[in-house]
Structure formats: C-alpha cells, structure tokens
Amino acid sequence: MDTDSDGALQRNQRTPRHVAIIMDGNGRWARQRGLPRTAGHREGVKSVRAVVEESIRRGVEILTLFAFSSENWRRPRSEVNVLMELFMSALRSETRRLHDNQVRLRVIGERSALPGKLQRRIAEAEALTAANTRLHLQVAANYGGRWDIVQATRRLAAEVQAGRLDPSQIDEYCLARHLSFPDLPEPDLFIRTGGEKRLSNFVLWQAAYAELYFTDVLWPDFDAAAYNQALEDYARRQRRFGYTGEQIESGLWSLPDVCVG
Ligand code: FPP
C-alpha cells in the first residue's frame with residue numbers, strides 16, 4: 001500500500017470507503033471486571049478514538065458508529081443518563097482534536113428527543129467541522145433503520161401531497177435520496193463487536209449490499225489491531241452485487257452512480 005506525505009496509508013480498492021459499526025459488548029466488558037455497566041461505556045470511548053485514528057490512517061472515507069439506538073431508551077434511566085453525559089463530554093473533549101485532524105462530524109437520528117444542551121453542542125460541532133474532508137464521522141444517536149425508512153416515506157408523501165412528485169416516480173433511488181445520508185456512499189463493511197450476530201435495526205436500507213463482519217471481541221477491547229483484522233477480512237471478499245463471479249473477475253460490470261456514491 002502507498003503512503004502519502006503525512007505518512008497516512010492511501011486507500012486502495014480493497015479498503016472499504018464506508019465502514020458502519022455496532023459497538024456492542026460494553027456492559028459485559030464491565031461486568032467481567034466487577035464494574036458497573038457504565039464503566040464499559042466510558043472505556044468504549046477509547047475504542048472510538050482508536051477506530052477513528054485507524055480509519056484516517058487506512059484511508060477509510062466514512063465511519064458510521066451506532067452510539068444509541070431508538071430502542072436504547074428502554075434501558076435503566078441511570079444508564080441512559082450516563083450515555084448522554086458521555087456524548088456531551090466526548091463532544092467537549094474530542095471536537096477540537098477531530099477538527100485538527102480534518103474530520104467532519106455529523107449526527108444521524110431523531111435528535112429532537114435528545115437533551116437540548118446536547119443538541120446545541122452537536123450543532124456547534126457539526127458547524128465547526130462542516131468543511132473537513134479527511135474522514136466523515138457519523139454518529140448515530142436515537143437512530144433506528146426503520147425510523148430512517150419511515151421518515152423518508154413521510155417526506156415523499158409530503159412531496160406527493162404538495163403535487164411536486166407523482167407516486168409513479170417513486171423508486172428505490174428516489175426513496176434512498178430521502179434517507180439520513182443520501183450524499184454519502186452506502187456502507188461497504190458492517191462490523192458488529194460483542195459476539196451477537198444481528199443487525200439490531202442499524203442502517204437497514206443502506207446496508208443492503210454491505211459485507212457483514214461479526215467478532216466476539218467486546219467493544220472496549222476493539223483496538224486498531226482488531227479493526228485491521230476486519231479490514232483484512234473485507235479485502236479478501238468478492239462483492240458481486242447480483243453479477244456472477246466471472247463477470248466481476250472480467251471487470252466488465254458497473255453499478256448505477258446512486259449506489260456507489
Ligand atoms: C452497546 O453495548 C453499546 C452502547 C449502547 C453504547 C455505545 C457507546 C459508546 C461506545 C460510548 C460513547 C460513544 C461515542 C460516539 C462518544 P451494551 O451496553 O449493549 O453491551 P452488552 O451487550 O455487553 O450489555
């Protein structure tokens with residue numbers, strides 16, 4: 001792999017452009033050490049930092065992290081409070097560093113349900129980093145894949161009602177343009193740590209063609225080496241998008257632009 005003048009590894013074809021991660025296993029990591037579950041979330045912030053830095057080094061363009069799902073409100077109030085405080089403190093301590101590393105931060109999800117102070121800090125961090133292009137870091141907070149499809153459907157319905165769109169014009173590309181990140185390519189690699197093998201309502205539509213990678217490593221233990229193992233596993237896969245293996249090998253295939261960003 002080539003290196004650029006900063007020493008960063010250049011992206012090659014086998015590096016995913018977009019990696020989406022379910023950061024699971026914080027609670028178990030803490031319990032195994034006789035600590036409260038929230039200690040695992042605090043430790044998990046270190047893994048977030050490691051994966052962001054390694055994504056920059058490896059030339060990954062977009063990293064989407066599932067920090068809080070629409071369903072996580074069901075957890076004990078005290079745990080929800082700690083998670084909200086952690087987002088606040090991570091934004092306070094990390095935004096400047098992200099900006100210095102030319103990382104653009106964006107939060108996806110139903111943010112109106114988040115505490116007002118947190119919403120304001122998110123908006124400030126997004127505004128500060130808006131022009132950065134080295135890595136696009138998306139944090140999913142109060143996000144659900146089904147919510148995303150429903151809010152896109154609502155927006156399409158409003159356009160139909162306003163007479164700007166005919167129902168016959170609605171196809172999958174049209175719907176995709178109303179989802180949470182229509183300006184970015186869909187995830188190429190979908191990682192879940194913590195041993196469970198399910199999608200848990202994360203980027204359901206956008207991950208239709210993502211390569212899935214499940215590891216038993218608990219999120220607080222997911223370091224640069226563990227992340228690199230996932231990237232190496234991805235590099236060995238053949239993605240076919242409905243084509244045959246022979247067609248892919250011949251190079252005579254293409255995807256509509258809307259699928260690849
Ligand atoms: C799932 O583990 C993890 C979460 C619900 C929270 C993830 C949050 C962080 C890693 C911290 C902050 C993140 C940012 C972006 C600042 P779990 O609690 O379900 O673990 P378990 O399955 O072992 O119980």
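A few points about this structure:
- For Asp216: the one exception among (1) surrounded by fewer than 18 Cβ atoms within 10 Å (Cβ to Cβ); (2) more than 13 Å from the ligand (Cβ to nearest atom): (2)
- Boolean, Arg106 is over 21 Å from Asn26 (Cβ atoms), modelled with pLDDT of 95 or more and either among the β-branched types (Val, Ile, Thr) or touching a Phe, Trp or Tyr at 6+ places or on another chain (Cβ under 8 Å) (or both): yes
- Within region 22-43, considering residues that are of a type in the set (Gly, Ala, Ser), in contact with a Phe, Trp or Tyr (Cβ under 9 Å, 6 or more places away or on another chain) and in contact (Cβ under 8 Å) with a residue 12 or more places away in the chain, the one surrounded by the fewest Cβ atoms within 10 Å (Cβ to Cβ): Gly40
- Every residue from region 43-61 that is assigned to a helix (DSSP H, G or I) and of a type outside the set (A, V, I, L, M, F, W, C): Glu43, Gly44, Lys46, Ser47, Arg49, Glu53, Glu54, Ser55, Arg57, Arg58
- Asp171 meets the conditions (1) touching a strand residue (DSSP E or B) at 6+ places or on another chain (Cβ under 9 Å); (2) away from the ligand (no atom under 14 Å from the Cβ) in every case but one. The failed one is (1).
- Qualifying residue in region 126-134 (condition: of a type in the set (D, E, K, R) and out of contact with any helix residue (DSSP H, G or I) (no Cβ under 8 Å at 6 or more places or on another chain)): yes
- Take the conditions (1) touching a strand residue (DSSP E or B) at 6+ places or on another chain (Cβ under 8 Å); (2) without any contact (Cβ under 8 Å) to a residue 40 or more places away in the chain; (3) open to solvent by 60 Å² or more (accessible area, probe 1.4 Å); (4) in a helix (DSSP H, G or I); Glu85 misses just one of them, which is (1).
- Members of region 22-67 that are more than 6 Å from the ligand (Cβ to nearest atom), among the hydrophobic types (A, V, I, L, M, F, W, C) and farther than 15 Å from Val217 by Cα: Leu35, Ala39, Val52, Ile56, Val60, Ile62, Leu63, Phe66
- For region 66-81, the set of residues classified as exposed (fewer than 15 other Cβ atoms within 10 Å of the Cβ) and either in a strand (DSSP E or B) or β-branched (Val, Ile, Thr) (or both) consists of Val80 only.
- Looking only at residues in region 9-21 that are open to solvent by less than 10 Å² (accessible area, probe 1.4 Å) and in a loop (DSSP other than H, G, I, E, B), the one that is nearest to the ligand (Cβ to nearest atom) is Pro16.
- Of all residues in region 185-212, those that are more than 16 Å from the ligand (Cβ to nearest atom) and either modelled with pLDDT under 95 or open to solvent by 30 Å² or more (accessible area, probe 1.4 Å) (or both) total 7.
- Scanning region 110-150 for residues that are of a type in the set (D, E, K, R) and crowded, with 17+ Cβ neighbours inside 10 Å returns Arg121, Asp148.
- Test for Leu98: is it modelled with pLDDT of 95 or more, within 13 Å of the ligand (Cβ to nearest atom) and either of a type in the set (Gly, Ala, Ser) or in a loop (DSSP other than H, G, I, E, B) (or both): no
- Top-ranked residue of region 68-91 - restricted to ones that are within 7 Å of the ligand (Cβ to nearest atom) and among the aliphatic types (A, V, I, L, M), ranked as farthest from Pro115 (Cα to Cα): Ala90
The values are calculated or read from the model by the stated rules, or taken from the named source; none is laboratory data. None of these values were measured; they are calculated from a predicted model. Glycine gets a Cβ as well: all are built from the backbone with ideal geometry, and neighbour counts include every protein chain shown. The protein model used for the area step is the full one, side chains on, heavy atoms only, and it has no ligands, DNA or RNA in it. Shrake-Rupley method; radii C 1.70, N 1.55, O 1.52, S 1.80 Å.
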